1. If you take the charge dipole of chain B about its Cα centre, with +1 on Lys and Arg Cβ and -1 on Asp and Glu Cβ, which of B:L83, B:L128, B:M140 is farthest toward its positive end?
2. Apply the Karplus curve 6.51 cos²θ - 1.76 cosθ + 1.60, θ = phi - 60°, to the phi angles in the range B:232-240 and return the couplings in whole Hz, x for Gly and Pro.
3. If you bin every alpha carbon distance in the protein assembly as shown into 20 Å steps from zero, what whole percent lands in each bin?
4. Looking at this model, which pairs from A:K3/A:K254; A:K49/B:K96; B:K33/B:K74; B:K33/B:K107; B:K74/B:K184; B:K107/B:K184 are more than 31 angstrom apart at the alpha-carbon?
5. Mind pulling the per residue volume of the convex hull built on the Cα atoms of the range A:83-194? Å³ is fine.
6. Are there residues in the range B:158-197 whose accessible area shrinks by at least 10 Å² when all protein chains are included rather than the chain by itself, and which are they (probe 1.4 Å, ligands and nucleic acids not counted)?
7. What 222 nm value per residue comes from the helices of chain B, counting each DSSP H run with n ≥ 4 as -39,500 (n - 2.57) and dividing by all residues, nearest 500 deg cm²/dmol?
8. From the Cα gyration tensor of chain B, with a ≥ b ≥ c the square roots of its eigenvalues, which class applies: rounded if a/c is under 1.5, or else prolate if a/b is larger than b/c, or else oblate?
Amino acid sequence: MSKLSIREAINQVLHEEMARDDRVVVMGEDVANRDNGGVYGITAGLAEKFGELRVIDTPITESAIIGAAGGAALTGLRPVAELMFIDFLGVCLDQLMNQIAKFRYMFGGGATTPVTIRTMIGAGAGTGPQHSAILYPMLVAIPGIKVVAPSNAYDAKGLLAQAIRDDDPVVFCEHKAIYTEECEVPDEPFTIPFGQARTVCEGTDVTVVAFSRMVLLAEQAATQLAAEGISVEVIDPRTLSPLDDEAILASLQKTGRLVVVDESNPYCSMASEVSSIVVDRGFDYLDAPIRKVTAPHTPVPASPVLELEYVPSVADVEAAIREVVAY
Amino acid sequence: MIYSTEMLYQAYRSMKLIREFEERMREEYQRGKLPGFIHMYRNQEAIAVGACMHLGDEDYIASTHRGHGHCIAKGCDIEDMLLELACKQDGICKGKGGSMHIADMSKGMLGANAIVGGGPPIAAGAALTARTLGNGRVSMAFIGDGASDQGTVAEALNLASVLQLPMIFMYENNHFAEFTRNPKPDGRIAERAGAYGMPAVTLDGTDFFAVYEAVADAVQRGRQGRGPSAIEAIASRYYGHFEGDAQQYRDSTELESSRITSDPIPKFLADSRCSDLETARIEQIDAEILASLDAGVERALAAADPLPEQLYSDVYVNYRGESA
C-alpha cells in the first residue's frame with residue numbers, strides 16, 4: 001500500500017494498463033505534453049514511456065477526439081480519450097450519444113466499443129460557468145454507456161482499471177476539486193466491479209447517498225453529527241450507471257430516512273433519480289420525507305463567493321440530516 | 001491502368017446489384033412492406049464500387065444515410081441486408097438498425113449513419129487504429145455534399161491531416177442537401193479538403209474508371225503511410241432525398257436529362273475498356289441478380305420479426321460485468 005492522491009492513482013492506472021495491454025492508447029488535448037501531462041498533470045510521463053503512437057496529442061477538436069476514440073475502439077484499440085472538461089460535452093455530444101452509445105445496439109450486438117472517456121467535473125476551483133459543471137445525469141440517461149465517479153484514490157484506481165478493461169463505453173468523471181485527496185492504495189493493479197456501492201460509514205438513523213466530491217462532505221457531516229448522537233450511514237454508489245439501487249434500498253430499510261447529496265443541478269439529477277427509485281421501490285421503508293441536497297438551478301458562477309453559495313456545503317448536508325431525523 | 005475482363009465483370013455486377021437491389025427495395029417500400037425511411041443511391045453506384053474495389057475486408061468504411069450502395073460494394077451479405085431493411089430478427093443488425101444503420105464489422109463496414117456528417121470522425125478512429133498498429137490498412141469515409149458543411153467533417157479532415165492518418169475522404173456531391181440545392185460550385189468541396197493539406201481531386205462520379213483510378217492513388221498513399229486524401233465525385237441525385245420525395249423543388253427538364261446523362265452503368269458498358277465484355281455474360285449476370293433478389297425478398301418478407309424480449313439485449317456487452 002502507498003498513500004496516493006486521486007491524481008496520482010489515475011496516473012498510475014494509466015501507466016499500468018498501457019503496460020499491460022498494447023491496445024490501450026491515450027488521446028486528447030495536451031495529454032502527451034512532456035512538461036506536465038495535461039492541465040492537472042494526470043497523463044504525465046506516459047508519452048515518454050509509451051511513445052507518440054500510443055499517447056496521442058490531438059488538436060482542440062472534441063467531436064473528432066470522441067468520434068475517433070469510438071472508431072478506434074470499434075476496430076481493435078482500447079482508447080482512453082480525454083474530454084478535458086465535461087462541459088465540452090456540448091461540443092461533441094453526437095459522437096457519444098448517437099454514435100458510441102448506440103453502436104452495439106443498432107448493429108444488433110455486432111460491435112464492441114471498449115472506450116473510456118476521462119473527463120473533469122465539478123465546481124470549487126473557480127473555473128466558472130463553462131468549466132465547472134457536473135452534467136453526469138445527462139449521461140446516466142443515455143442507454144449504452146456506463147458512468148463512473150470516484151470519490152477517493154482507492155476507488156479511482158480500481159474503477160479506472162475496470163473502465164479500461166471493460167468492453168462497454170465508460171465515462172469516468174474526475175472531480176477537479178478532490179484530485180489531491182489522499183488515501184492508502186494497493187501498489188498492484190486491481191479492479192472494482194461496476195454497480196457495487198461502498199458503505200463509507202455505517203449508521204442506523206439516516207442513510208446519506210452521496211456522489212463524487214459530495215461523499216467527502218457527507219462523511220464530515222456524519223462525523224460531526226455522531227457527536228450529537230445521530231448515527232449516519234453514508235453510501236457512495238461509485239458508479240452512477242449501473243447504480244447499486246439494492247445497496248441504497250438495503251440501507252434505507254435499516255435507517256428509514258434518506259438524504260441524497262449531489263452536486264448536480266436539481267432537476268433530473270442523481271438526487272432525483274435516487275429519490276424516484278426509493279419512492280417507487282422503498283416507500284414502505286420511509287419514516288420521513290426524502291431530502292435532496294443539490295446545487296441550485298443556475299450555472300456555476302465564477303465569483304468565489306457565489307461559487308461557495310452554489311456548491312452544497314457540510315452545513316447544508318447536516319441541516320438536511322437533522323431535518324429528516326427530527327421529522 | 002490495366003483492367004482484366006473478370007474485374008470489369010465484377011465491377012458491372014456490383015453496380016448492377018446496387019441498382020436492382022434498390023429498385024426492388026423501392027417497390028417493396030411503396031407496397032408498404034418496409035418501415036421507416038429509405039434513401040436511394042441511384043446514379044451514384046460507380047462511386048461506391050470504384051472506391052470499394054480497392055478495399056479488402058480488413059479495410060474500413062464509414063457510410064451515410066444513403067448507404068445501401070456502400071454496404072453492397074463493401075461486401076455485406078445481400079440477404080442479411082434485405083432482412084434488415086424489413087427489420088427482421090435475422091437481419092444484419094437483428095432488426096434494430098434498419099436501412100440507415102447497416103453495419104458488418106467482419107467486412108470493415110462501420111455503419112451507415114443517420115446523422116449527416118456522423119461518420120468521418122469514426123472513420124478517422126479506424127484510421128488511427130491502422131496507424132497505431134502499423135498494419136497498412138486504410139479507412140474511407142463517404143460524405144455527401146450536405147455533410148461536407150458539418151463541423152464533424154472539418155474536424156475529421158484536420159485530425160487526419162495533423163496525425164497523417166491513412167484515410168480517404170470520399171465525397172459524393174449529388175448537388176442536393178436534403179431538399180435544397182447545394183449552392184457550392186463543383187470542386188469547392190475538394191478545394192476545402194485540400195486546404196487542410198492533403199491531395200484533393202474533383203472528378204465525374206458517374207465515370208467508374210475516373211473514380212477507380214483516383215481511389216487507387218489515394219489508397220496507395222494511405223497504405224504507404226503518406227497520409228489522407230480527398231476525392232469529390234460529382235453524380236447528380238436521381239431520386240429524392242428519401243423515397244416518397246417527389247423533388248418538386250427541382251427543374252423537371254434538368255432532372256430528366258440528368259437522370260439519363262448521369263447513369264453510370266450504360267456509361268461503363270459503352271467505355272472502350274469494356275469492349276471485350278460479352279452481352280450474353282452481362283445478361284446472365286443481370287438474370288442472376290434478379291433471381292437472387294426475388295429469392296431474398298421473398299425470404300425476408302416471410303422471415304420472423306424480432307421477439308419482444310430482444311428489445312432489451314445488445315445495449316451493453318455486460319451492464320454490471322466484471323473485468324473482461
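The values are calculated or read from the model by the stated rules, or taken from the named source; none is laboratory data. Model, not experiment: these values are computed from the prediction. Every residue, glycine as well, gets a Cβ built from its backbone with ideal geometry; the counts of neighbours run over all protein chains shown. What goes into the accessible areas is simple: the full protein's heavy atoms, side chains included, and nothing from ligands, DNA or RNA. Shrake-Rupley method; radii C 1.70, N 1.55, O 1.52, S 1.80 Å.
1. B:L128
2. Using θ = phi - 60°, the values come out as 9, 9, 8, 7, 4, 6, 7, 9, x Hz.
3. Taking every Cα pair in the protein assembly as shown, the percentages come to 19, 45, 27, 8, 1.
4. A:K3/A:K254; A:K49/B:K96; B:K107/B:K184
5. 94 Å³
6. So the qualifying set is B:N158, B:L159, B:V162, B:L163.
7. Helices in chain B give a 222 nm mean residue ellipticity of -13500 deg cm²/dmol.
8. Judged from the Cα gyration tensor, chain B comes out rounded (a/c under 1.5).
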